[in-house]
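Single-structure report; data block below.
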Amino acid sequence: MALAFLPALARMAVCGGTHGNELSGVYVVQEMERQRKEKGADTWPIPITTLLSNPQAVKECRRYIDTDMNRCFNRATLSSPIADSSAYEVRCAQELNNLLGPKGSTDATDMICDLHNTTSNMGLTLIHYTSNDWVTLHICKYLQTKITKVPVRVLVLDFPISDAYNLESVSKHGFTIEVGPQPHGVVRADIYIVMKEAVDLTIDWIHKFNSGMVFEGGDVEAFKFIKSVDYPRDPETRSLTAAIHPQLQDKDFCLLKRGDPLFFTFSGETVKYEEDETLHPFFINEAAYYEKASCVKDDPGLVIEAGKEGRDAAPAVLWPLRLDRACTN
Amino acid sequence: MEAVALPELSRVAVCGGTHGNELSGVYLVRERLKRREDGTEPVSVVTVMSNPRATQLCVRYIETDLNRCFTRAALSAPISETSPYEMIRSQELNALLGPKGSAQAVDLLCDLHNTTANMGLCLISYSDRDWICLHICKHLQREMASAPVRYVHFDIPLNEAYSLDSVGKHGFAMEIGPQPHGVVRSAIFSAMQEGVQLMLDWICQFNSGTLFEGGSVDVYTMVKNVDYPRDPETHTITAAVHPHLQDRDFCLLHPGDPMFLSFSGETLRYKGKEALYPFFINEGAYYEKGVALSLARKRRVEIPSVRSETLR
C-alpha cells in the first residue's frame, strides 16, 4: 500500500461545553487547565488551546442560550453580519472561528477535538463530517486499538465542508468525541475517564506522528449517517405518543431489520420498523433531539427528516474505508 | 398489634410534571387525561399536570423549584403578578387539592417523579407511621416484579414539609430512576404505570372493606446530605461520585469506602463514623442544591392490620 506523507500537526484545540450541559468535556477542559497551571507550558508535547466553547450555557448548565452552537459553523452563519439581535451562539461561533480558524484557510488550527456527551448508549463514538481526512481516520483507528473499556466506533456524516455546521469543521482536521450514556447535567466518573483517555491518546498519536513514526494503513470500519426517524406524535399537540421500544432502547449500532420493534406506545402497542433496508440505529433516545432545531431541515446536504421537533433513532450503514500508511513529510 | 380502622380514601390525586423534565409522570398524566381516567367508585381520582409551563418547555422549573413551595410559609405568603410563577402555582394547587392540613384536602396525593439516580421505585414520605402509605408500599413490594420498591422517610414536621405530596391527608412522591431528565424510557414509564395502578387497586380494595394484614416494612430515614468537593474560590466541583459508589443506591456505605474520584485521579473516602445507606446518588438536579448524595438509616417498622372504617 502507498505511503502518504502529510504535514505535521502544529496546533491543537480541545473544546468542552459546546453544549453547556454535556459535562464530561467541561471537566476535562477544567482539569487540563489545572494541569497547565501546575506544570507550565510543557504539559503537553504540542501547543494545545483549551477552552469552553459556550461559557454562558456552561454557567447555566443548559444546552444553549439562544440557539444550538454546534449548528452555527456552516459558511452562511459564520459570515452573517452581527447585529444587537444576533443569537449569543452566533456571536460565539464567529469569535471561535477567528480564534481557531478561519475555517477553510491555511491559518486554521490543525486539529479540534470537540467534547460531547449523549444520553444514548453509544460508548465512545468519533464523529467526523468527511471520509477523506486520513489524519482523523488514523487517529480513530489508533483509539480503536488502544481503548478497551468501551466500544469505539467511527461515524461519518459525509457532507461538504462549507455545509458542515459543527465546531470541528473549523480546523484542518478534527472530530467530535462523543461519549455516552450520561444524563445531561450529570458527570459520571466512568464516562469522564473514557473521554480523558480519548483526548490523551489523541495527543499521544499526534506527538508520535509529528516525530516521524509511520502508521500502518489498513481498513477502518465506519458508520455513515443515512437518515433520522422521528417519534410517532399526536397530530394536534405534537406530543409524543410512544417511547423507544424496550427491545431497541440502549441497542445503539446493533442491526435494525424490517419487522423489529421500534416504538412502544403509552397505551401499550408495539410499532415496528417497516423499511426494507437493514440499518444500524444510533443516537437512540438522545434527550436533546426531542426538540431539534428546524434550521437543520433546510440544509440540502443532510438527509434529516426533522419536523418542528426533531429526530431520535438515526440509522446508519456500516462501511469499510481503506487507509494508506501515514507519516509526516 | 390490633387491627386499625381508618377512614376510607374517597378522593385521590395523581400529579405529574411537578418538575417539567421528569417525563414518566408527564406522559402518565397525559395518558390518563386523554383516556379520561377519573376512576370509578369507590374512589374518585383527579389527575393534574402540576407545572404546565415547565412541562411545555421541558425544564425542571421556570423561576423556582415548585416542589419546595408547599411549606406553610410559602402557601400563605402574599402573592402578586410579579411573584415567581411557581409560588403562584403552588397556591393554586393548594386551593385545588388542599388546603394543606384541612378536612377538605384530598385523602391521598401521589406525586410522580424521576431521578437520574439508580433508585428503582421509592415512595418518599414525611411520615414513618402513616399506615396507609406503609401498606401501599408493602403492596407494591409484593406485587411489582419490574423494579425494587423502597420506602424513604424525611423526618420533617408538616408545617415545614415543602413538597406537593404534603398537601394531601396522606401523600408520597413516587420516585423512579434511573432516567435522564428530558428523556422517556419505556421500561421506566411502564414501571410507573404499574406502580400507580397497584396503588389505586389497593385503595379500591381498602375502601371496599378488605382487611390488610400487618407485618413489617424497612424504612430508610434521611440523616444528612453530602455535597461534592468544590474549589474554594470558584465553587465548581472538583470530583465526581466514585465509580464504586455510582449506581449503588441503598447499598451500605461504610467509613473508609470510596466516595468521590477527583478529576485529577484521587480517591476521596467517606469520613463519617456511622455506616449509612446512600440514595439520590448523582441526581442531576441536586448539583445546584449542593447535594451529591443523601444518607439514610434503615430500620424495620412494624405496621398493624388495617381496614376502612365503613365496615360491610
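Results, tabulated for the structure shown:
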read-out: Of residues in the range B:276-310 being among the basic types (Lys, Arg) and in contact with a Ser or Thr (Cβ under 6 Å, 6 or more places away or on another chain), the one least open to solvent (accessible area, probe 1.4 Å); value: B:Arg297
read-out: Criterion violated by A:Ile161 - all others in (1) open to solvent by less than 10 Å² (accessible area, probe 1.4 Å); (2) within 24 Å of A:Thr109 (Cβ to Cβ) satisfied; value: (1)
read-out: Single unsatisfied condition, A:Glu275 versus (1) in contact with a helix residue (DSSP H, G or I) (Cβ under 9 Å, 6 or more places away or on another chain); (2) modelled with pLDDT of 60 or more; value: (1)
read-out: Counted residues, the range A:195-220 - those being over 22 Å from A:Pro45 (Cβ atoms) and either within 12 Å of another protein chain (Cβ to nearest Cβ) or open to solvent by 10 Å² or more (accessible area, probe 1.4 Å) (or both); value: 3
read-out: For B:Trp202: the one exception among (1) more than 14 Å from chain A (Cβ to nearest Cβ); (2) open to solvent by 40 Å² or more (accessible area, probe 1.4 Å); (3) under 22 Å from B:Leu112 (Cα atoms); (4) touching a strand residue (DSSP E or B) at 6+ places or on another chain (Cβ under 9 Å); value: (2)
read-out: Residue count for the range A:28-43, restricted to those that are away from chain B (no Cβ under 12 Å) and within 18 Å of A:Leu201 (Cα to Cα); value: 3
read-out: Complete set of residues in the range B:21-37 that are over 17 Å from B:Asn67 (Cα atoms) and open to solvent by 10 Å² or more (accessible area, probe 1.4 Å); value: B:Tyr27, B:Arg30, B:Glu31, B:Arg32, B:Leu33, B:Lys34, B:Arg35, B:Arg36, B:Glu37
read-out: In the range B:49-92, residue nearest to the chain's Cα centre (by Cα) [restricted to those that are among the small types (Gly, Ala, Ser) and under 20 Å from B:Ala161 (Cβ atoms)]; value: B:Ser50
read-out: Test for B:Arg11: is it without any contact (Cβ under 8 Å) to a residue 60 or more places away in the chain and more than 10 Å from every other protein chain (Cβ to nearest Cβ); value: no
read-out: Residue within the range A:198-212 that is touching a Leu at 6+ places or on another chain (Cβ under 9 Å) and either more than 14 Å from A:His138 (Cβ to Cβ) or among the small types (Gly, Ala, Ser) (or both) present; value: yes
read-out: Per-region count, the range A:161-194, residues within 14 Å of another protein chain (Cβ to nearest Cβ) and β-branched (Val, Ile, Thr); value: 6
read-out: Any hit, the range A:117-131, residues being within 14 Å of chain B (Cβ to nearest Cβ), crowded, with 24+ Cβ neighbours inside 10 Å and over 17 Å from A:Asn21 (Cα atoms); value: yes
read-out: Strands (runs of 3 or more DSSP E) contained in the range A:162-269 and holding at least 3 residues of a type in the set (D, E, K, R); value: A:218-225
read-out: Filter pass, B:Phe250 being open to solvent by 10 Å² or more (accessible area, probe 1.4 Å) and either within 11 Å of B:Val226 (Cβ to Cβ) or facing chain A (nearest Cβ under 10 Å) (or both); value: no
read-out: Given (1) aromatic (Phe, Trp, Tyr); (2) outside the structural domain of A:Ile127 (by TED's automatic domain parsing); (3) more than 23 Å from A:Tyr129 (Cα to Cα), index of the condition A:Tyr289 fails; value: (3)
read-out: Unique match (being within 30 Å of B:Trp202 (Cα to Cα) and either in a strand (DSSP E or B) or at pLDDT 95 or above (or both)) among B:Ser216, B:Ser264; value: B:Ser216
read-out: Unmet criterion (only one of (1) open to solvent by 10 Å² or more (accessible area, probe 1.4 Å); (2) under 25 Å from A:Ser79 (Cα atoms); (3) more than 11 Å from the chain's Cα centre (by Cα)) for A:Val170; value: (1)
read-out: Residues of the range A:141-155 satisfying the condition of being in contact (Cβ under 8 Å) with a residue 60 or more places away in the chain and closer than 26 Å to A:Ala287 by Cα; value: A:Pro151, A:Arg153, A:Val154, A:Leu155
read-out: Residue identified as more than 14 Å from chain A (Cβ to nearest Cβ), more than 30 Å from B:Ala77 (Cβ to Cβ) and open to solvent by less than 10 Å² (accessible area, probe 1.4 Å) among B:Val183, B:Val152, B:Val219; value: B:Val219
read-out: Top-ranked residue of the range B:169-180 - restricted to ones that are out of contact with any helix residue (DSSP H, G or I) (no Cβ under 6 Å at 6 or more places or on another chain) and open to solvent by 10 Å² or more (accessible area, probe 1.4 Å), ranked as farthest from the other protein chains (Cβ to nearest Cβ); value: B:Lys169
read-out: When residues of the range A:278-312 are limited to those that are of a type in the set (Ser, Thr, Tyr) and farther than 19 Å from A:Asn121 by Cβ, the one modelled with the highest pLDDT; value: A:Thr278
read-out: Test for B:Leu245: is it open to solvent by less than 60 Å² (accessible area, probe 1.4 Å), in contact with a helix residue (DSSP H, G or I) (Cβ under 6 Å, 6 or more places away or on another chain) and either charged (D, E, K, R) or under 21 Å from B:Ala117 (Cβ atoms) (or both); value: no
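The values are calculated or read from the model by the stated rules, or taken from the named source; none is laboratory data. Source: prediction; values computed, not measured. Cβ: placed from backbone, ideal geometry, glycine included. Neighbour counts: every protein chain shown. All accessible areas refer to the heavy atoms of the entire protein, side chains included, with ligands and DNA or RNA removed. Shrake-Rupley method; radii C 1.70, N 1.55, O 1.52, S 1.80 Å.
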